[in-house]
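The values are calculated or read from the model by the stated rules, or taken from the named source; none is laboratory data. Since we're looking at a predicted model, the values are computed, not measured. Using ideal geometry, Cβ is built from the backbone for each residue, glycine included, and neighbour counts are taken over all protein chains shown.
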Amino acid sequence: MCVLHAVAVAVLSLLAMSTAAPSSCDDLLKPLVLNDIKPILGRWIFIQGRVDSSKFDFFIKIVTSSWAEFDFPHGDEMGFFNQGTMIRGTCVYSSTNVTNIANGTMQFSGENSSGNYSFLQTCPDCLVMLGSTLVEGESKPFRTLNIFGKTAKLSESDIELYKKQTECLGLPLSWVYDEEKEICAGKTKLSQREEAPEGMSEKDKTD
């Protein structure tokens, strides 16, 4: 009887663990509801990125560093997502149109891609963006989960939280910023099109 009781307890424990995992992920993947866009404004340094498509492995090889900036000059509805990305020693600047659909869900419209992005709850000086992007010529969108910081270095606990979020989504590690690497300087005005570095196609550009 004691043996049966022990087995029953073990089985119940395993069942409890299996049912607890989704609940834990539900907590980890809670969306960041934005009553206004002030918390996401300004410049953010790209710290880590994950993507579920192997077709974008080139990103690992050619990108050294990147920053992103949300700019909504005329209210909360329409704005720009500006980026400065170091690619093969050359800074590539881009600006993508952004529409704030509702409570922080953003619709991106770039030259060669479009997608919807939302934000997850994270540390105060972090920005975690969950996205689904469809690139021109592709049949289905790819998912990304990127973390940005106000500074180039985040705490281990902040990174650990992000890793748990990526595990819940089943996204493999794709890119990690080396904080010793140079970051592109800012630009006051960004054009929709910029010259790509030599040897890099327009499709390889970041939107």
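Inspect segment 54-65 for any residue being farther than 30 Å from S139 by Cβ, out of contact with any Gly (no Cβ under 6 Å at 6 or more places or on another chain) and in the same structural domain as G170 (by TED's automatic domain parsing) and give the result as yes or no.
For segment 54-65, residues farther than 30 Å from S139 by Cβ, out of contact with any Gly (no Cβ under 6 Å at 6 or more places or on another chain) and in the same structural domain as G170 (by TED's automatic domain parsing): present.
Whether any residue in segment 86-95 is surrounded by 14 or more Cβ atoms within 10 Å (Cβ to Cβ) and either under 16 Å from the mean Cα position of the chain (by Cα) or not assigned by TED's automatic domain parsing to the domain that holds C184 (or both) is what I want to check.
Among the residues of segment 86-95, not one is surrounded by 14 or more Cβ atoms within 10 Å (Cβ to Cβ) and either under 16 Å from the mean Cα position of the chain (by Cα) or not assigned by TED's automatic domain parsing to the domain that holds C184 (or both), which makes the answer no.
Report every pair of residues separated by at least 6 positions or lying on different chains whose Cβ atoms are under 7 Å apart, first residue within segment 113-132 and without any contact (Cβ under 8 Å) to a residue 24 or more places away in the chain, second outside any strand (DSSP E or B) and surrounded by fewer than 18 Cβ atoms within 10 Å (Cβ to Cβ).
That search, which allows pairs on different chains as well, returns S132/P141.
Please pick out the residue among S114, S174, S109 that is surrounded by fewer than 21 Cβ atoms within 10 Å (Cβ to Cβ), among the hydroxyl-bearing types (S, T, Y) and out of contact with any Phe, Trp or Tyr (no Cβ under 8 Å at 6 or more places or on another chain).
Details: S114 fails: out of contact with any Phe, Trp or Tyr (no Cβ under 8 Å at 6 or more places or on another chain); S174 fails: out of contact with any Phe, Trp or Tyr (no Cβ under 8 Å at 6 or more places or on another chain).
On inspection, the qualifying residue turns out to be S109.
Out of segment 154-171, which residues are over 13 Å from the mean Cα position of the chain (by Cα) and either in a loop (DSSP other than H, G, I, E, B) or over 20 Å from W67 (Cα atoms) (or both)?
L154, S155, E156, S157, E160, L161, K164, E167, C168, G170
Could you look through segment 44-85, keep only residues that are more than 14 Å from the chain's Cα centre (by Cα) and of a type in the set (K, R), and pick out the one that is nearest to E160 (Cα to Cα)?
Per the stated criteria, the residue is K61.
Looking at segment 160-177, which of its residues are charged (D, E, K, R) and either out of contact with any strand residue (DSSP E or B) (no Cβ under 9 Å at 6 or more places or on another chain) or in contact (Cβ under 8 Å) with a residue 12 or more places away in the chain (or both)? Let's see the steps before the verdict.
We begin by selecting, within segment 160-177, every residue charged (D, E, K, R); these are 160, 163-164, 167.
Residues satisfying the conditions are E160, K164, E167.
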